[in-house]
1. Pairs please, first residue from the stretch 376-393 and touching a residue at least 12 places away in the same chain (Cβ under 8 Å), second anywhere and of a type in the set (Phe, Trp, Tyr), Cβ atoms under 8 Å, 6+ apart in sequence or on different chains.
2. Is it the case that the stretch 384-403 has a residue that's among the aromatic types (Phe, Trp, Tyr), outside any strand (DSSP E or B), at pLDDT 95 or above and out of contact with any Pro (no Cβ under 8 Å at 6 or more places or on another chain)?
3. Hand me the list of strands (runs of 3 or more DSSP E) wholly inside the stretch 15-111 holding 1 or more residues that are of a type outside the set (Phe, Trp, Tyr) and either touching a Lys or Arg at 6+ places or on another chain (Cβ under 6 Å) or closer than 17 Å to residue 450 by Cβ (or both).
4. For the stretch 137-170, which residues satisfy the criterion of being more than 23 Å from the chain's Cα centre (by Cα), of a type outside the set (A, V, I, L, M) and under 27 Å from residue 29 (Cβ atoms)?
5. Would you confirm whether or not the stretch 353-370 contains a residue that is surrounded by fewer than 23 Cβ atoms within 10 Å (Cβ to Cβ), free of Cβ contacts under 8 Å to residues at least 24 places away in the same chain and within 23 Å of residue 497 (Cβ to Cβ)?
6. Does residue 381 satisfy being more than 23 Å from residue 508 (Cβ to Cβ), out of contact with any Gly (no Cβ under 8 Å at 6 or more places or on another chain), at pLDDT below 95 and assigned by TED's automatic domain parsing to the domain that holds residue 495?
7. Could you list, in sequence order, the residues of the stretch 224-248 that are within 14 Å of residue 201 (Cβ to Cβ), among the β-branched types (Val, Ile, Thr) and touching a helix residue (DSSP H, G or I) at 6+ places or on another chain (Cβ under 6 Å)?
Amino acid sequence: MLTKFVFITGGVMSGIGKGVTTASIAKLLQFRGYKISVVKIDPYFNIDPGTLSPIEHGETFVTEEVWKCTPVDCFGETFNIAELDQDFGTYERFIGKNIHPSHNITSGQIFIDIILKERHGDFLGKTVQLIPHATDAIKGRLCQIAKDEGLDVLLVECGGTVGDLESMIFLEAFRQMRLEHEGNTCLIHVTLVPYNESVGELKSKPTQHSVRQLQSAGLQPDIVICRSAIALDDASRKKISLFCNVSPGRVISNPDIDTIYELPLIFEKQSLGDSICSILKLQPRLIEFSPVENYSEWKKLVETYKDHPDGIVNIAMPGKYTKNKDSYVSINEALKHAGAHNGVNIKINWLDTENMNCLSEVEKYDGMLLTPGFGGRGVEGMIAAADAAITKKIPYLGICYGSQLMFIALCRRYLGYADANTTEIDPKTTHPAVDMLTDQTRINMLGGTMRLGAHEIHVKHGTRLFDAYNKDVIHERFRHRYHINNDYAKQLGANGLVISSTDKSGEIINSIEMAGEQFCVGVQFHPEFKSRPWAPSPIYDAFVKACKVYRDRSRS
């Protein structure tokens, strides 16, 4: 069967949930037994989002594999790509499959490929232009992914908003593919339908203008999905149908809901999956039982996210990027997964560590998760937060940087090294508790050069980490240049520090914890990237269990 393509574009404004919508559409096709995957296009010139600030762009998601991207062999330029747009976390959490890093296409990747090929002489005698060279490169990437993976359907989400200058070349590639793959494509446009509270009415005009902008690029949507605070009423649906040239049954409501995992069910009730299959001429299939890919099992799963018989667990999350909650989206979801698994609703309390007063009532929380990050801003507040959790015996989980800063707090408190620090912040510290990995000292380029992707982790028996995973060897995803200094870890052994896991050589410390009753664990890796709605990350699950016990003891 020829691969079918579903193109998803966005209109009116960014941040309306196009990634969740795309993942939900992928889920509908999974319910019907089709082999699917997702590509995300980001129109910026960065090769990948690894060097972008989370405040500006949200979380950087890390994949299982590291893709060695070599645009032209003879130049010897290879880019390590494992840092992707945050939407890939959403895709993986919905479809339950690891996605290859080549599925994140950026303008930077397309143009560096073309420019290097031009210098190599691949286009001799030709004027290199956006059309056909850039559009051919885009189409080539999409078709190659579909062919290599033997997909029934490839979903392609275009980042940004229709009308953005930077995304026009990708829309043109979509237009060409619609012609070249006639009958095998479906175009879905996701827009915002604002609710005007003063008059109690949904306003369709922004959607009308957005679709008109799309039509001016030569693209007529087959389906329009409308984000709104409330469900679309019939009058709004008919108006959007009339002015956007889409039948009423293909104007789909996407209202605010309690949990994002319910969205495929909302779409299913509106026959969105059937409409897509009709457009793509996809025939029904016999479906084998799967706890991840079956509609009935997903429906049961969603109920666990809506029912919280054991109440609320309050988690403090001190960090540097609290102004943009998308900076920690995978952590947020991993906590929700663990919460649902333990029958509790997780309430996240953001603490901006640039403000030292944020820790004044830290003891009122049931647990603390110290977040990842880079750089010096807000770091002393993060170290103080770790110290507060340690001294007040609050359940604590440090992720990556949060683990390193916990270690610095321990060195300052128990070893008396007041200037203990990471050389990332203070290169001249006399006590480098956290230092650069040896192989990182020879690196000059910063993009794609950290310790990335999944690595083998050897877990020590009798530790909280082993209790959580119950395995001698695990694989988790990493993204760091600095690591905990073994010499200082040995010194802290007398104070109860336990090295709970290392790499195969035993030289790189992958996690630490404190012996005793308190749950106090720091992991260098990012377990949140592999957490799933039906299978919470083991260490997040253990953390939430500890928070629940602490809450119940505090109340008694």
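The values are calculated or read from the model by the stated rules, or taken from the named source; none is laboratory data. These figures come from a predicted structure and were not determined experimentally. Cβ: placed from backbone, ideal geometry, glycine included. Neighbour counts: every protein chain shown.
1. Listed by first residue and then by second, the contacts come to 382/401; 386/396; 389/396; 390/396.
2. Kept after step one, since they are among the aromatic types (Phe, Trp, Tyr), are these residues of the stretch 384-403: 396, 401.
Within this subset, residues satisfying the condition of being outside any strand (DSSP E or B) are 401.
Subset that is at pLDDT 95 or above: 401.
Cutting the leftovers down to out of contact with any Pro (no Cβ under 8 Å at 6 or more places or on another chain) gives us none.
Scanning the stretch 384-403, I find no residue that is among the aromatic types (Phe, Trp, Tyr), outside any strand (DSSP E or B), at pLDDT 95 or above and out of contact with any Pro (no Cβ under 8 Å at 6 or more places or on another chain), so the answer is no.
3. Numbers: elements: 36-42, 60-69, 79-85, 104-106.
Passing ranges, in order: 60-69, 79-85, 104-106.
4. 139, 140, 143, 144, 147, 148, 150, 152
5. no
6. Details: more than 23 Å from residue 508 (Cβ to Cβ): yes; out of contact with any Gly (no Cβ under 8 Å at 6 or more places or on another chain): yes; at pLDDT below 95: yes; assigned by TED's automatic domain parsing to the domain that holds residue 495: yes.
In short, yes.
7. Answer for the stretch 224-248, where residues must be within 14 Å of residue 201 (Cβ to Cβ), among the β-branched types (Val, Ile, Thr) and touching a helix residue (DSSP H, G or I) at 6+ places or on another chain (Cβ under 6 Å): just 240.
Okay, residues lined up against (1) in contact with a strand residue (DSSP E or B) (Cβ under 6 Å, 6 or more places away or on another chain); (2) free of Cβ contacts under 8 Å to residues at least 12 places away in the same chain; (3) under 19 Å from residue 63 (Cα atoms):
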{"position": "515", "(1), (2), (3)": "yes, no, no"}
{"position": "518", "(1), (2), (3)": "no, no, no"}
{"position": "526", "(1), (2), (3)": "yes, no, yes"}
{"position": "538", "(1), (2), (3)": "no, no, yes"}
{"position": "543", "(1), (2), (3)": "yes, no, no"}
{"position": "550", "(1), (2), (3)": "no, no, no"}
{"position": "553", "(1), (2), (3)": "no, yes, no"}
